[in-house]
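Asks: Before I ask anything, here is the structure I am working with.
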Amino acid sequence: MKNKQLIEQLDLTQKAFLMSGASTWETVPYEALGIPSIFLSDGPHGLRKQEGAADHLGLNASLKATCFPTAATIANSWDPEIGEAIGRSLGAEARNNDVHVVLGPGLNIKRHPFCGRNFEYFSEDPYQAGKMAAAYTRGIQENGVVACPKHLAANSQETRRMTTDSIVDERTLREIYLTGFEIAVKEGQAKSVMTAYNRLNGVYANEDKWLLRDVLVEEWGFDGFVVSDWGGSNDHVLGVAAGSHLEMPTTGVNGAKELVEAVKSGRLSEEVLDQRVDELLTVLLATASLNYQKSPDTLEDHHQVAKKAARESVVLLKNQEVLPLKAKAQVGIIGDFAETPRYQGAGSSVVNPTRLDTTLEVIDSYDLDYQGFAKGYHRSFKEDQELIDEAVALAKRVETVLLYIGLDEISESEGLDRSTLSLPANQLGLIKAVTAVNSQVITIISAGSVIDMAWDQDVQGVLHGYLAGQAGPSAMLDVIVGKATPSGKLSETYPHDYLQLPSARDYPSATNQTVYQEGPYIGYRYFETVQKEVKYPFGFGLSYTQFGYSDLTVSETGISCLIKNEGQYDGAEVVQLYVSKGSEVIYRPFKELKGFKKVFLKAGESQRIEIPFDDKTFRYYNILTQEWAVEPGDYDLLVGASVQDIRLKGSIQQVGEVSSPYELESIPHYFSGKVTDVSLAEFEELLGREVRLLPFTKGQELFLNDSISQLVYAKSGLARLVYRILDGMLERSEKKGKPNLNVLFIYNMTFRAVGKMTNGMANQDMMEAVLVMVNGRFWAGFGQLVGAFRRNRKLQKRGI
Ligand code: BGC
C-alpha cells in the first residue's frame, strides 16, 4: 500500500466515510491527518462548477466558464491535437477554480442516433472515440487536474438509464464498447473513470468486478479511482468490493454505515476497503498537493481555442458552387438560431459561457452585403405563417439565403431519447417555402446528432456545425466567407431512414433489458458490410479544395502515402485507414477504422503522411481463448477520404494461428452481417447463454431497482396518479419546447436512487416502505415509512 501509515491512523468509520461524497461535489476531508477534500465538477465541454445550490442536471447556475464545442462536434475535426488543446484549457479553468476532477470526456458509443446524449459523445467508432478521449484526458491532466472518462460501459440509451440491463456478447463488448475506454486509459493515462448507470449483462457497471478489476486494472493498467455516476451506486458494499471507490453524491451517513456494517458482518473484508482507500488517496493526495498556481491563460485565449476548434469541426455536406461566398455577396439571414444560437446540449454538461457570439451580432464584421434577418420559426413546434411569409419576402429580395436550422432544445437532451430524426415540422415548412423562391439557399445546421436530411435536395449548400460552443457562430461565418476552408468529416453515419439500423428493432428498449442483438454491426460497420446505401457516410465531408492521394507504401509498421492539395484553397484533409479482411472463420465487419491523420496543406502543396499500425490494427477478441488474437492471412488496407471514398488500396499478410471460436451454421447472420434478421435464439448462441425477456405488465410488483416511470404499471391507483402527473408535466414542457430536466431525471430514476440522492434525507428503508405503498398496501407502507423516516432522521443527526 502506498499510504499505509496514513491509513493506519484512520479508524473503520473514517475509512468508510472516505468512500462517499461529503456533498454533491466534494469528498470527505480529514484535515488533521492531511487529507483534504477534493472538488469534482462537470464536464465534458466546459467547466460547470456550482458554488451555490448544487445539482447534477445543469439546473442551477454555475460559474462562468468557456463553453467549448461538444464532443460530437470535435470528433468531426478528427484532430486529437484540438482535443488536447480543449482539454488543456478545460484543465486550466478547473485549476483556476480549485476544481480537482473534471467529469469528462464522455465517450459512449453511438449505437443509435436516438440516444439523447449523443451530442456529449464522440463517435460511432471506438477507435476514433478513444483517440479523441485520450487527447482530452492528456490535456486536462497536464494541469495536474484529474480527467474522468465516462460512462463505463455500454450506456447507449437514456430511457430508464438506471435500470436497463445492456446485454452484449463479450466480443462486441470488447471490440466496440470497451476499446475507446481502453485507449483513454492506456494512452491518456486517465486517473479516474466514471461507471455507467446501467447494468451490463445483469450486473450493475459499478459493481462489476470483471469490468473494474480484471479488465480496467489488470488488463489496462488503470491506477486511478472509480467514481459512480451521480446516484448510480446501487449496493455500495458490492461496489467497493468490485473495485469502485467513490459513491457520489453524498448519501449522508448511509453509505459509510453500510460499509462499516459490512466489514463487521464479514460481507466486506477490511483489507479490500483499505486497498480502495489507498487507491483513492493516491490520486486525491497527488492532485490536492499540487501547488494550484493559477494558469496565466486568459478567458480570451480560451475563447479563441473554442473558436478554432469549432472552425475545424465544420462539416461541408453539399456545395453546388455556392460556397465560399464572394466578398460583398448579398445575403439575407433566416432562422431563429442566427439570433439565439443553439450551441450546447441540455443536462449535466451545461456550461454558463463567458460570452456568446451570435450570428446577428458578428455578421457586420464580415465583408458581405447583409440585407436583413427573418426569424422563420418558433423554437417550440408552433406553426406561424406570418414568420414564414416574412422569411419568404426576405428570400425573394436577396441573392443568397443563409438558413439557420437544426434541432431545438427539447429535441435532444440528457435524460431523454429521441423518437424521430426529422427536423421540427415548422422548420421543414420553412425550408420548402424559402427554397421555392430562392435558388441559392445555404443551410447551416445546429444539432448534436444525426438528423434526417431528405430535404437537402432543394438547397444548394449545407454546412453542419453540430453544437459548436460559445464561439460557434463566428467560426461558421469564417467558413462561409472562405476565411477558413471546411475540414470536418462526419463521425457517424447518416442513414436514409433510421429504420434501416439493426439497433432500431428495439430502441430505446421497451423493457428493462436492452439486447445488443446486432453485435458489432454499428453504424458504418453495418452499412458497409451489407452494402446498403446511406445518405452521408461515416468520415464524409467536402472541402473548398481537392486532395490527391498517391504512392501508397505498406511496411510492417504502417502505411504511408502522398497527399496533394490540388485545388485553389489552403485546407486540411482527414486521411482515414480502414482494414478489411474476408474470412470464413471469424465474422467481422467489412471495413474497420484503424488509423487517421489530419494534414494541413497550402494550395499546391504535398506531403507524405504516415499512419502507423498499432496493437488494434489486426486484432479481434477470441472468446474461446479469452485473448486478443490476429487471424492469419491477407488484410486489405484501404486509405481514403471517407469510409466509402477509398482512394488507395494495399495489402499485408499477417501470420498467426487461427483457432475458430465459431460455427458458421449457428450464427449465419453475424457472418453475412445481415443482423436485422438475427433471431433471439441466434443472439443467444453468440452470447453463450439464454436471455429471459421480462416484459412489463399492468399491475406488476415494483422493486427498488425499477424506474419511477414504471409507476404506470403499478398496482396502486395513487401511484399511477403520480405517474400521470409527471407525464403531464413532461408533455407540457414538450409543448413549451424546453426539456423539464427535473421531471425527466425523476422519470428515469430508480426508487433506490431516490434514497441515494437526497443528502441522506431518504434511505433504502424508506424507499422499501414507499414500494409497499406503490404495490397496493398503502396504509401498511405508510406506517413503515413513518417509522423508517424517524429512524433515518435520528441516524443522520447522531452519526454512526
Ligand atoms: C451524469 C454524469 C454527470 C453527473 C454529475 C449525471 O446525471 O450522467 O455524466 O457527470 O450527473 O453531474
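Asks: Considering region 636-649 alone, what residues qualify as being surrounded by fewer than 17 Cβ atoms within 10 Å (Cβ to Cβ) and either touching a Leu at 6+ places or on another chain (Cβ under 8 Å) or farther than 14 Å from K594 by Cα (or both)?
Replies: Those that are surrounded by fewer than 17 Cβ atoms within 10 Å (Cβ to Cβ) and either touching a Leu at 6+ places or on another chain (Cβ under 8 Å) or farther than 14 Å from K594 by Cα (or both): D645, K649.
So that you can scan it fast, the table gives a plain yes or no per residue for (1) at pLDDT 95 or above; (2) among the charged types (D, E, K, R); (3) over 28 Å from A196 (Cα atoms); (4) in contact with a helix residue (DSSP H, G or I) (Cβ under 7 Å, 6 or more places away or on another chain):
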| position | (1), (2), (3), (4) |
| --- | --- |
| V434 | yes, no, yes, yes |
| I444 | yes, no, yes, yes |
| I480 | yes, no, yes, no |
| L490 | yes, no, no, no |
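Asks: Would it be correct to say that E665 is among the charged types (D, E, K, R) and modelled with pLDDT of 95 or more?
Replies: So E665 does not fit the description; no.
Asks: So which of A85, A94, A72, A53 is within 16 Å of the ligand (Cβ to nearest atom) and open to solvent by 10 Å² or more (accessible area, probe 1.4 Å)?
Replies: A53
Asks: Related question: Considering each of L259, L246 in turn, give the residue that is within 16 Å of the ligand (Cβ to nearest atom) and open to solvent by less than 20 Å² (accessible area, probe 1.4 Å).
Replies: Answer to the selection: L246.
Asks: If you don't mind, there's one more thing I want to ask. Working only within region 473-495, note down all residues that are within 23 Å of the chain's Cα centre (by Cα) and assigned to a loop (DSSP other than H, G, I, E, B).
Replies: Those that are within 23 Å of the chain's Cα centre (by Cα) and assigned to a loop (DSSP other than H, G, I, E, B): S487, G488, K489, L490, S491, E492, T493, P495.
Asks: Quick check, is E120 in contact with a Pro (Cβ under 6 Å, 6 or more places away or on another chain), closer than 30 Å to T750 by Cβ and within 13 Å of the ligand (Cβ to nearest atom)?
Replies: Working: in contact with a Pro (Cβ under 6 Å, 6 or more places away or on another chain): yes; closer than 30 Å to T750 by Cβ: yes; within 13 Å of the ligand (Cβ to nearest atom): yes.
The answer is yes for E120.
Asks: Here's a follow-up. Filter region 97-117 for residues that are away from the ligand (no atom under 15 Å from the Cβ) and within 16 Å of V146 (Cβ to Cβ); which is surrounded by the fewest Cβ atoms within 10 Å (Cβ to Cβ)?
Replies: Ranking the qualifying residues of region 97-117, first place goes to D98.
Asks: Further question on the same structure: What pairs come up if the first residue lies in region 112-123 and is small (G, A, S), the second is within 11 Å of the ligand (Cβ to nearest atom), and their beta carbons are under 6 Å apart, counting only those six or more places apart or on different chains?
Replies: Every condition considered, the pairs that remain are G116/E158.
Asks: Can you confirm whether G539 is open to solvent by 10 Å² or more (accessible area, probe 1.4 Å) and at positive phi?
Replies: Values: open to solvent by 10 Å² or more (accessible area, probe 1.4 Å): no; at positive phi: yes.
No.
Asks: Please work out which residue is surrounded by the most Cβ atoms within 10 Å (Cβ to Cβ), limiting yourself to region 287-339 and to residues that are more than 17 Å from H464 (Cβ to Cβ) and in contact with a Pro (Cβ under 8 Å, 6 or more places away or on another chain).
Replies: That would be A306.
Asks: Can you name the helices (runs of 4 or more DSSP H) wholly within region 125-242 that have at least 2 residues being over 28 Å from V579 (Cα atoms) and open to solvent by 10 Å² or more (accessible area, probe 1.4 Å)? Walk me through it before giving the result.
Replies: Numbers: elements: 126-141, 179-186, 236-242.
Fully inside region 125-242 and qualifying: 236-242.
Asks: If A391 satisfies all but one of (1) part of a helix (DSSP H, G or I); (2) without any contact (Cβ under 8 Å) to a residue 40 or more places away in the chain, what's the number of the condition it fails?
Replies: (2)
The values are calculated or read from the model by the stated rules, or taken from the named source; none is laboratory data. Here the structure is a predicted model, which means the values were calculated and not measured. Note that each Cβ is placed from the backbone with ideal geometry, even for glycine, and that neighbours are counted across all protein chains shown. In case anyone asks, the SASA skips ligands and DNA or RNA and just uses the protein heavy atoms, side chains included. Shrake-Rupley method; radii C 1.70, N 1.55, O 1.52, S 1.80 Å.
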